[in-house]
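J.: Following this message is one structure expressed as structure tokens.
We did not get these values from a lab; they are worked out from the coordinates using the rules stated. Keep in mind it's a predicted model, so treat the numbers as computed, not measured. Using ideal geometry, Cβ is built from the backbone for each residue, glycine included, and neighbour counts are taken over all protein chains shown.
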Amino acid sequence: MADVLKTLSFNDVPQALSLLLEKVTRLEYLLETKTQAPKAKQDEMMDLKGLQDFHPEHPAAATIYKWVRIGQIPYYKTGKKLIFKRSEIEAWINDGRQMTDAEIEAEAIDYINRRRTGK
């Protein structure tokens with residue numbers, strides 16, 4: 001890069017600037033498409049097989065039907081077919097997350113500090 005700057009003359013500046021603008025525009029486009037893709041995937045609907053493939057434990061169909069029957073898992077039903085929204089399943093899985101000892105300790109310290117200050 002430093003070598004390019006040493007050989008760049010005043011006459012080359014317009015062409016170099018044009019090239020830079022093209023690259024920046026391309027980078028912006030790539031960033032926009034990358035950030036939009038996960039949102040579309042998050043709203044993806046899955047059938048029973050899709051849920052089995054997505055879930056980390058790959059549960060049996062009977063297990064999923066049990067979760068639906070007892071109202072443990074978020075689902076939609078069209079006719080006799082079960083459908084699951086990916087974002088809701090991710091939230092449902094994350095709700096079962098256990099806090100680490102460090103997180104519990106930090107939360108306790110924060111609670112004590114708030115009680116001391118009366119907030």
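J.: Among ARG86, ARG114, ARG97, which is surrounded by 14 or more Cβ atoms within 10 Å (Cβ to Cβ) and either basic (Lys, Arg) or in contact (Cβ under 8 Å) with a residue 60 or more places away in the chain (or both)?
T.: None of the other options fit; the residue is ARG86.
J.: How many residues are assigned to a loop (DSSP other than H, G, I, E, B), surrounded by 10 or more Cβ atoms within 10 Å (Cβ to Cβ) and of a type outside the set (Ser, Thr, Tyr) when one looks only at segment 65-83?
T.: So the answer is 3.
J.: Then there's this: If you go through segment 30-40 one residue at a time, do you hit one that is surrounded by 10 or more Cβ atoms within 10 Å (Cβ to Cβ) and not in a helix (DSSP H, G or I)?
T.: No, every residue in segment 30-40 fails to be surrounded by 10 or more Cβ atoms within 10 Å (Cβ to Cβ) and not in a helix (DSSP H, G or I).
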